[in-house]
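Enquirer: Below: one structure in structure tokens.
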Amino acid sequence: MLLKLDPQVCSSRRLLSSALRAYAVHLPPGTPFPSESTLRREFGISRMTLNRALNDLVAEGILYNRRGAGRFAAEKDICRVYFVLPFLEKRRDDLSNGSIVKDIFDELQILAQEKNISLTPLVASLTNRRDELDLEVFRLLPDGANVILPGYWYSGLFDLLQAKKCKIVFISMSASFGFLYEKQVSGWFRLEYDLSAAVELAMEQLRLCNVKRAVLIDDDDHCLSPYQIGLKRALKDDFMPELIIYGSKENSFGENTLRCMLKARDRYPFEGIIAASPQIAQKVQKILKNLELKMPLVMLRKVAGQDDVSFITYPNKQVAGLALSQLTAPKYVSGIKFVKPLFNEAESTRNFLIKP
């Protein structure tokens, strides 16, 4: 066999998938792929690890199954789009909690199947550190590959992807740090989610509930969080730094701080609350209930089943469609498009709205 595998590669499904992928993409269409028994015998790979790695390649459209005959190399003219995702299970849990990235990926999967496009997820890091990206995975990308890159977290890949002349749809959840990489991303097609505008829209709706000031409970403690920038823009001269409660990566926040602020609103004047995540919104609701208070509440993301809180969404289906159409068009064109937020009314603001 021309295929050579290092023992360390054989012990990891992710590394094994990458190695088998690099081998398979060079096979002529219809070429039989080495059988599982042959691969296990020659390289000592466990049955489960090998089976999962091969199933990855089938799911990506690199191999296909023929009943009773094994796996074969697929046609090379299939349109393939790569979507970059974090690797650690902790970050994958984040993707299941109503994040924008998860919503986009879900929509991409549906549209890719409809359009007969092979959507291949690429995991980026073993350590979940932006300065420790797994570059070997991306060096295996073919030159000119179609890649969807969600966010500046992957800035360590920019130069490599440029060197490979990849066609990129770069999805940014915040333009706050854009100037740091303006030159690197300028030749790509960019979709900018305006998260600051989401807070401004939330504040606009809260004003219909007689709210002059609102507390923002952010799940990001960075001073340049787009949500915090949005609150400053929305409140302008009425902005007070004390109206921001900083969160953490675990979606916890200063719950005692909020309780104290609710009990001392003569010192901290506010009439509404903006929650950065569904988890925070749930805790806010519990605190308000325990204090027997009613106050307008808007959350900046939504999860299934939480239908009583007004929330902000984005047109993720249209974004997914635009991303795929840009990458599959006869000619790739760079540019930028801003993605605007949408307000969805529910009970947490409906009962407070000013009646016409």
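The values are calculated or read from the model by the stated rules, or taken from the named source; none is laboratory data. The structure displayed is predicted, hence computed values, not measured ones. Glycine gets a Cβ as well: all are built from the backbone with ideal geometry, and neighbour counts include every protein chain shown. What goes into the accessible areas is simple: the full protein's heavy atoms, side chains included, and nothing from ligands, DNA or RNA. Shrake-Rupley method; radii C 1.70, N 1.55, O 1.52, S 1.80 Å.
Enquirer: Please go through the stretch 128-150 and give me each residue that is touching a residue at least 40 places away in the same chain (Cβ under 8 Å) and crowded, with 18+ Cβ neighbours inside 10 Å, ordered by number.
Expert: Residues satisfying the conditions are ASP134, VAL137, LEU141, ALA145, ASN146, VAL147, ILE148, LEU149, PRO150.
Enquirer: If you don't mind, another one. Give the residue, chosen from ILE217, ILE245, that is open to solvent by less than 90 Å² (accessible area, probe 1.4 Å), under 23 Å from SER348 (Cα atoms) and touching a Ser or Thr at 6+ places or on another chain (Cβ under 8 Å).
Expert: ILE245
Enquirer: One residue is enough: does the stretch 315-335 have a residue meeting the conditions in a strand (DSSP E or B) and either closer than 30 Å to LEU262 by Cα or in contact with a strand residue (DSSP E or B) (Cβ under 9 Å, 6 or more places away or on another chain) (or both)? Quick ask: steps written out before the conclusion?
Expert: Taking the stretch 315-335 as the starting set, the residues that turn out to be in a strand (DSSP E or B) are 335.
Those still in the list that are either closer than 30 Å to LEU262 by Cα or in contact with a strand residue (DSSP E or B) (Cβ under 9 Å, 6 or more places away or on another chain) (or both) too: 335.
Looking through the stretch 315-335, at least one residue is in a strand (DSSP E or B) and either closer than 30 Å to LEU262 by Cα or in contact with a strand residue (DSSP E or B) (Cβ under 9 Å, 6 or more places away or on another chain) (or both).
Enquirer: Are any residues in the stretch 326-342 of a type in the set (A, V, I, L, M, F, W, C) and either open to solvent by less than 70 Å² (accessible area, probe 1.4 Å) or touching a helix residue (DSSP H, G or I) at 6+ places or on another chain (Cβ under 6 Å) (or both), and if so, which ones?
Expert: LEU327, ALA329, VAL339
Enquirer: Any idea which residue in the stretch 343-356 is nearest to ASP194 (Cα to Cα), counting only those that are surrounded by 12 or more Cβ atoms within 10 Å (Cβ to Cβ) and of a type in the set (A, V, I, L, M, F, W, C)?
Expert: PHE343
Enquirer: A further question follows. Is it the case that the stretch 17-24 has a residue that's touching a helix residue (DSSP H, G or I) at 6+ places or on another chain (Cβ under 8 Å), farther than 13 Å from LEU63 by Cβ and in contact (Cβ under 8 Å) with a residue 40 or more places away in the chain?
Expert: Within the stretch 17-24, one or more residues are touching a helix residue (DSSP H, G or I) at 6+ places or on another chain (Cβ under 8 Å), farther than 13 Å from LEU63 by Cβ and in contact (Cβ under 8 Å) with a residue 40 or more places away in the chain.
Enquirer: Any residue at all in the stretch 176-192 that's in a strand (DSSP E or B), open to solvent by less than 10 Å² (accessible area, probe 1.4 Å) and farther than 30 Å from SER118 by Cα?
Expert: no
Enquirer: Oh, and also: In the stretch 103-127, what count of residues is obtained for those that are under 14 Å from the mean Cα position of the chain (by Cα), open to solvent by less than 50 Å² (accessible area, probe 1.4 Å) and at pLDDT below 85?
Expert: Qualifying residue count, the stretch 103-127: 3.
Enquirer: A further question on this structure: Give the residue that is most open to solvent (accessible area, probe 1.4 Å), with candidates limited to residues of the stretch 220-236 that are at pLDDT below 90 and not aliphatic (A, V, I, L, M).
Expert: Here the residue is ASP221.
Enquirer: Out of ALA323, ALA281, ALA275, which single residue is within 24 Å of PHE83 (Cα to Cα), open to solvent by less than 50 Å² (accessible area, probe 1.4 Å) and out of contact with any Gly (no Cβ under 8 Å at 6 or more places or on another chain)?
Expert: The match here is ALA323.
For (1) farther than 30 Å from SER155 by Cβ; (2) modelled with pLDDT under 85; (3) in contact with a helix residue (DSSP H, G or I) (Cβ under 8 Å, 6 or more places away or on another chain); (4) not acidic (Asp, Glu), each residue gets a yes or a no:
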| residue | (1), (2), (3), (4) |
| --- | --- |
| LEU3 | yes, yes, yes, yes |
| THR31 | yes, no, no, yes |
| ASN51 | yes, no, yes, yes |
| GLY61 | no, yes, no, yes |
| ASN65 | yes, no, yes, yes |
| LYS76 | yes, yes, no, yes |
| VAL84 | no, no, yes, yes |
| LEU88 | no, yes, no, yes |
